[in-house]
Amino acid sequence: MRDKLTPKNIGISLIILLVPAFMYLIDAFALYVSSNYGVMLPLPSGDYILRIIVQAGVYILLAVGLNIVCGDTGLLDLGYAGFYLIGGYTAGLLMARLGFSYWIALPLAVLNGALWGLLRGIPTLRLTGDYFAIVTFGFAELLVQVVKNEIWLIGGPNGFVNNIPPVTIFGIELFQNWHHYYHILILILLTVFITYRLKESRVGRAWTAIREDEQAAESMGINLSRYKSLAFAVSAAVGALGGGFIAQFQVNISAKLFDFWESIFILCMVVLGGTGSIRGSIIGAAILATLGELLRGGNILPSEFGGARYLIFGVILIVIMRFRPSGLAVKKA
């Protein structure tokens, strides 16, 4: 642990902790210049930047979770947004319809996600490659169609759930962006710590063996069903954790938030950073999530070219696959 406490790491940690202060200093400086000198600086709102960072933090959480299945066990999951959906609707419905506290709804959402990860995983334990990918895609699409059409279950058309209450702690509502920043930061740190410990344990070594060669791993006494099921459950639980956070962050959720392209977007983050690398998942998610918001129509690109961001993402991935096929953060052997 002591070898991690270098001046560089301490400095980076302090910067991360003080990000909200830096963002609000931008607002204060722009207001001061405008009020005293009549000059409007072309600076984005610090609060807006902070909101983008929080959204990127959600994708970091999801990319780290997906990396467990795609990177550690070597299975192509095209339906990870399904667990994101399960967490979002579990927490959202419990809070908005049944009046549950967020601190009760979030753990229940995580447990529900882990349960569905097992339920989806058990029938697919013997599937690999394209067959596994097709099943995961079908699972996520089935969930989207259910929340879109089963109004009796969701309570609104197109899976719309509104008026999700904000998080409260000691009677204080946590609704400002800097509240959300530290909230998602704590969730990311907790998730990264747990996944890192798993990767460095016997479980992580078993996952690596399964990724490299399932038959060889089984011949060495590794129980494929047990370790694959554990990977599915942990990965799904992390996805549901992200969904539980986004429900209270967005206040309103709908099925469109969890469509198929979300799964592809998260998968691109893992591939961009480097499959099998936690650091790579964080880097890939930070880059693509930030670009995704900045390239949204009306920000940098004109409104009519908002969809062009997907083309830009494709070009970025092609370039990365050409020059860094292992990803931006190559995992050391």
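Of everything listed in (1) more than 25 Å from Ile164 (Cβ to Cβ); (2) touching a residue at least 12 places away in the same chain (Cβ under 8 Å); (3) of a type in the set (Gly, Ala, Ser), the single unmet condition for Gly242 is (1). Counting only residues that are surrounded by fewer than 18 Cβ atoms within 10 Å (Cβ to Cβ) and among the β-branched types (Val, Ile, Thr), which one in region 193-207 is modelled with the highest pLDDT? Selected residue: Ile194.
The values are calculated or read from the model by the stated rules, or taken from the named source; none is laboratory data. As the structure is a computational prediction, the values presented were derived from the model and not from experiment. Glycine also receives a Cβ, built like all others from the backbone with ideal geometry; neighbour counts cover every protein chain displayed.
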